[in-house]
1. Take the residues in segment 98-124 that are in contact with a Leu (Cβ under 9 Å, 6 or more places away or on another chain) and over 17 Å from Y5 (Cα atoms), then tell me which one is nearest to the ligand (Cβ to nearest atom).
2. Within segment 84-100, does at least one residue satisfy the condition of being touching an Asp or Glu at 6+ places or on another chain (Cβ under 9 Å), β-branched (V, I, T) and surrounded by fewer than 22 Cβ atoms within 10 Å (Cβ to Cβ)?
3. Looking at A54, is it assigned to a helix (DSSP H, G or I), surrounded by fewer than 19 Cβ atoms within 10 Å (Cβ to Cβ), on the phi < 0 side of the Ramachandran plot and not hydroxyl-bearing (S, T, Y)?
4. Given (1) of a type in the set (K, R); (2) in contact with a strand residue (DSSP E or B) (Cβ under 8 Å, 6 or more places away or on another chain); (3) surrounded by 12 or more Cβ atoms within 10 Å (Cβ to Cβ), identify the lone condition not met by R104.
5. P14 passes all but one of (1) surrounded by 19 or more Cβ atoms within 10 Å (Cβ to Cβ); (2) touching a Leu at 6+ places or on another chain (Cβ under 7 Å); (3) not acidic (D, E); which number fails?
6. Would you check if there is a residue in segment 39-53 being under 19 Å from V128 (Cα atoms) and away from the ligand (no atom under 15 Å from the Cβ)?
Amino acid sequence: MVDRYFTQRLRLEPIGPAHAVDLWRLHADEPVAIWHLGRLRLPEAQATADEMAAGWARDGVHKWIAYHRVSGELMGRGGLSYQHVDGARRLEIGWIVRARYWGRGYATEIGRAGLDVGFGELGADEIVAFTEPENGRSRAVMERLGMSDPRPIRHRGEHFVLYTLPRP
Ligand SMILES: CC(C)(COP(=O)(O)OP(=O)(O)OC[C@H]1O[C@@H](n2cnc3c(N)ncnc32)[C@H](O)[C@@H]1OP(=O)(O)O)[C@@H](O)C(=O)NCCC(=O)NCCS
């Protein structure tokens, strides 16, 4: 199992039941809520944290929560999880950063950590990412990470664009 992971600026911890309040805080951030699932009520945040903990136990990987290495500040969440996407079980990578920290490369830093673990420890042949077609900031992270070949997909009835990165 991939455990705690340090990047240059971030401490990434596997999300578990104890992170419910921080998840709730992250999703209470208005610009984040607009782009990602809306605000979570505390019981929903607890259920999400519990599901992610189960994902870690089942698959050996799931999303991290991100804290600043020096200040300990909550920065965001992200990383890898196995998901059924576009007709197959795929290793998916994602990111959410508190809006006050947008524009400083934190999402790309989380993404690089995920790719490192996915292609390294997990031996993935391919990692995918998807977002709403109009989510330009998330698409820009995908492109900065070298993900390419965007194609439209439907996921749970909604329109998304799927990027792929084959094993380097
Ligand atoms: C998507 C999201 C995580 C992107 O955050 P972001 O801050 O734009 O992305 P990054 O952290 O990679 O930062 C990139 C910006 O920082 C700049 N930057 C500064 N230092 C940098 C560094 N060391 N590395 C990379 N970029 C850096 C880049 O030039 C870029 O600037 P720009 O926005 O002016 O072009 C953020 O908008 C978000 O949380 N959105 C809501 C949730 C969401 O939609 N998540 C995706 C769901 S699929």
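1. Filtering first and then ranking leaves R98.
2. Looking for residues that are touching an Asp or Glu at 6+ places or on another chain (Cβ under 9 Å), β-branched (V, I, T) and surrounded by fewer than 22 Cβ atoms within 10 Å (Cβ to Cβ), one finds at least one in segment 84-100, hence yes.
3. Here the answer is yes, as A54 does meet what is asked.
4. Of the numbered conditions (1) of a type in the set (K, R); (2) in contact with a strand residue (DSSP E or B) (Cβ under 8 Å, 6 or more places away or on another chain); (3) surrounded by 12 or more Cβ atoms within 10 Å (Cβ to Cβ), the odd one out for R104 is (2).
5. Checking P14 against (1) surrounded by 19 or more Cβ atoms within 10 Å (Cβ to Cβ); (2) touching a Leu at 6+ places or on another chain (Cβ under 7 Å); (3) not acidic (D, E), the one that fails is (2).
6. Yes, because at least one residue in segment 39-53 is under 19 Å from V128 (Cα atoms) and away from the ligand (no atom under 15 Å from the Cβ).
Taken together, the values in this text are just the output of simple stated rules run on the coordinates, not laboratory data. What you see is a predicted model, and the numbers here were worked out from it, not measured in a lab. Heads up, the Cβs are rebuilt from the backbone with ideal geometry, glycines too, and the neighbour counts pull from every protein chain shown.
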